[in-house]
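Taking it in order: structure first as structure tokens, then the write-up.
The values are calculated or read from the model by the stated rules, or taken from the named source; none is laboratory data. Note that this is a predicted model, so its numbers are computed, not measured. With ideal geometry, Cβ positions are generated from the backbone for all residues, glycine too; neighbour counts draw on all protein chains shown.
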Amino acid sequence: MNSFSSYRNQRYFASLDGVRFFSIIAVIWHHATPANLPEFFSRGFLGVDMFFVLSGYLIVTLLLREKDGYKTISLKNFYIRRALRIFPVYFGLLAFLSVVYGLLKSGDPDADTFFSLLPIYLAFLANWSLVHAANLGIYWSLATEEQFYLLWPLLEKWLKPKPVLIFLAIFIVINQCINFGYLDAFFISLYGDEEAINLEILGATFTPICLGVLLAHGLHRQSTFTVVYRWLHHYISSAVFLGLLLLLVFVSVGDLSGIKRLLIQIVMCIWLATLVIREQHILKRLMVFPVVKRLGQISYGMYVYHMIALHIVRELLSQMGIAIDYSLFLLGLALTAFIAECSFRLYETPILSLGKKYRTKNANN
């Protein structure tokens, strides 16, 4: 079996749980570590960009394989699968916080803010909001992904590859106009507030998701797969491009907008390609190490719960008079993993089992 056939028949990419692991560790690190660290150690927010690249790639790879196998894409099945994966944890936490704020903190300013913004969170519009409830600012990224899920499967279902790629190119150009600041005046005027340019979505943009989509299309076609494989199939390629990614993050001082952010996102996409075009690579043992693999598998829950876990740890450390330094990251990570594991075993898995009949034979990761 040739390399392209192996890739197309691969239903599970073993290294991708490792990608999720390092992405979630970076995000938790970003929210838990002291602010006086060297700049390189304050770039954990880029873990969200890596999640976006991975999401765009996996979702569209699944859609393309379904379209090839069945000559169509079942939007109903797609949205049911996504809802069963995303909604229980997300809406479950919002329901829990509604009870806590409503019963235990009624009249508290944080409660008032939470309930005033609850419709935005329920509608997955947090990425376009200038204000956030306590510990819920991270949900801008979930809103971004949901908006992608809402739009992109429609294009993949109804359009041929060339029009899809034209839409993708236009979308990337618009997002890069945002990335390079060409549309700052527009957003300031739209919001009537100069703080509008600090929206998280305008920093990350939809570009990393689009790059993941582009990678999915490129690897799905034998001609482009062959080109990518020729350049990236080497055993050490995964380590080389991970090293290049870390180097770019290290040398990119100051504001990351513009070419710096774009280059980092492109290298993320290339690194992902090195992990999926061949299963055996130099980083394989690390990416499938049991702890790495498991935390990668529950990374979605860890992302949703980690700010609440960090808040609990921060309050406990403060009450005990313990300095809030690296202990916040370590204890917060441990509590986050514990909550996410319990959630996955007792809450998410039974719900996910309901979606088995909506999966396609090409489902992966």
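Would you mind telling me which numbered condition in (1) among the aliphatic types (A, V, I, L, M); (2) modelled with pLDDT of 95 or more; (3) part of a helix (DSSP H, G or I) Leu130 fails?
(3)
Inside the range 215-244, can you point out the residues that are out of contact with any helix residue (DSSP H, G or I) (no Cβ under 8 Å at 6 or more places or on another chain) and among the small types (Gly, Ala, Ser)?
If the condition is that a residue be out of contact with any helix residue (DSSP H, G or I) (no Cβ under 8 Å at 6 or more places or on another chain) and among the small types (Gly, Ala, Ser), then Ser223, Ala239, Gly243 are the ones that fit.
To keep it simple, each residue is scored yes or no on (1) at positive phi; (2) buried (at least 16 other Cβ atoms within 10 Å of the Cβ); (3) assigned to a loop (DSSP other than H, G, I, E, B); (4) over 22 Å from the mean Cα position of the chain (by Cα).
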{"site": "Ser257", "(1), (2), (3), (4)": "no, yes, yes, no"}
{"site": "Leu262", "(1), (2), (3), (4)": "no, yes, no, no"}
{"site": "Gln280", "(1), (2), (3), (4)": "no, no, yes, yes"}
{"site": "Leu295", "(1), (2), (3), (4)": "no, yes, no, no"}
{"site": "Gly301", "(1), (2), (3), (4)": "no, yes, no, no"}
{"site": "Tyr305", "(1), (2), (3), (4)": "no, yes, no, no"}
{"site": "Gly321", "(1), (2), (3), (4)": "yes, no, yes, yes"}
{"site": "Ala340", "(1), (2), (3), (4)": "no, yes, no, no"}
{"site": "Lys356", "(1), (2), (3), (4)": "no, no, no, yes"}
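Among residues belonging to the range 158-180 that are assigned to a helix (DSSP H, G or I) and of a type in the set (Phe, Trp, Tyr), point out the one that is nearest to Ser257 (Cα to Cα). Outline the logic, then answer.
Filtering the range 158-180 for residues assigned to a helix (DSSP H, G or I) gives 158, 161-179.
From the residues that got through so far, the ones that are of a type in the set (Phe, Trp, Tyr) too are 158, 167, 171.
Values: Trp158: 34, Phe167: 23, Phe171: 17 Å.
Among those that are assigned to a helix (DSSP H, G or I) and of a type in the set (Phe, Trp, Tyr), it is Phe171.
Would you confirm, using the coordinates I've provided, whether Leu317 is buried (at least 16 other Cβ atoms within 10 Å of the Cβ), at pLDDT below 95 and either part of a helix (DSSP H, G or I) or of a type outside the set (Ser, Thr, Tyr) (or both)? Steps first, answer last, please.
Numbers: buried (at least 16 other Cβ atoms within 10 Å of the Cβ): yes; at pLDDT below 95: yes; either part of a helix (DSSP H, G or I) or of a type outside the set (Ser, Thr, Tyr) (or both): yes.
In short, yes.
So which residues in the range 181-208 are within 19 Å of the chain's Cα centre (by Cα) and not in a helix (DSSP H, G or I)? Can you show your working first?
First, pick out the residues of the range 181-208 that are within 19 Å of the chain's Cα centre (by Cα): 199-208.
Passing the criteria: Leu199, Thr205, Phe206.
Among the residues of the range 23-49 satisfying the criterion of being among the polar types (S, T, N, Q) and part of a loop (DSSP other than H, G, I, E, B), which is nearest to the chain's Cα centre (by Cα)? Break it down stepwise before answering.
Our first condition is that a residue be among the polar types (S, T, N, Q); within the range 23-49, this holds for 23, 33, 36, 42.
Narrowing the set further to residues that are part of a loop (DSSP other than H, G, I, E, B) leaves 33, 36.
On the way: Thr33: 21, Asn36: 26 Å.
Checking each candidate, the answer is Thr33.
So that you can scan it fast, the table gives a plain yes or no per residue for (1) at pLDDT 95 or above; (2) over 30 Å from Cys269 (Cα atoms); (3) in contact with an Asp or Glu (Cβ under 6 Å, 6 or more places away or on another chain):
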| site | (1), (2), (3) |
| --- | --- |
| Trp29 | yes, no, no |
| Phe40 | no, no, no |
| Phe52 | yes, no, no |
| Tyr70 | no, no, no |
| Val89 | yes, no, no |
| Ala95 | yes, yes, no |
| Asp110 | no, yes, no |
| Thr113 | yes, yes, no |
| Ser116 | yes, yes, no |
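Hey, among Leu155, Leu150, which residue is exposed (fewer than 13 other Cβ atoms within 10 Å of the Cβ), without any contact (Cβ under 8 Å) to a residue 24 or more places away in the chain and in a helix (DSSP H, G or I)? Reasoning before the result, please.
Values: Leu155 fails: exposed (fewer than 13 other Cβ atoms within 10 Å of the Cβ).
One residue alone meets the criteria, Leu150.
Identify the single condition in (1) among the aliphatic types (A, V, I, L, M); (2) surrounded by fewer than 16 Cβ atoms within 10 Å (Cβ to Cβ); (3) not in a helix (DSSP H, G or I) that Ile351 does not satisfy, given that it satisfies every other one.
(3)
Residues of the range 17-39 being crowded, with 22+ Cβ neighbours inside 10 Å, hydrophobic (A, V, I, L, M, F, W, C) and within 22 Å of Leu286 (Cβ to Cβ), which ones?
Val19, Phe21, Ile24, Val27, Ile28
Taking Ala216 as the residue in question, decide whether it is of a type in the set (Gly, Ala, Ser), buried (at least 18 other Cβ atoms within 10 Å of the Cβ) and either over 19 Å from Lys162 (Cβ atoms) or modelled with pLDDT of 95 or more (or both).
For Ala216, the condition - of a type in the set (Gly, Ala, Ser), buried (at least 18 other Cβ atoms within 10 Å of the Cβ) and either over 19 Å from Lys162 (Cβ atoms) or modelled with pLDDT of 95 or more (or both) - is met.
For Ile86, work out the one condition from (1) within 22 Å of the chain's Cα centre (by Cα); (2) part of a loop (DSSP other than H, G, I, E, B); (3) of a type in the set (Val, Ile, Thr); (4) surrounded by 17 or more Cβ atoms within 10 Å (Cβ to Cβ) it doesn't fulfil.
Checking Ile86 against (1) within 22 Å of the chain's Cα centre (by Cα); (2) part of a loop (DSSP other than H, G, I, E, B); (3) of a type in the set (Val, Ile, Thr); (4) surrounded by 17 or more Cβ atoms within 10 Å (Cβ to Cβ), the one that fails is (2).
Condition check: closer than 14 Å to Val276 by Cα and assigned to a helix (DSSP H, G or I). Does Tyr235 satisfy that?
no
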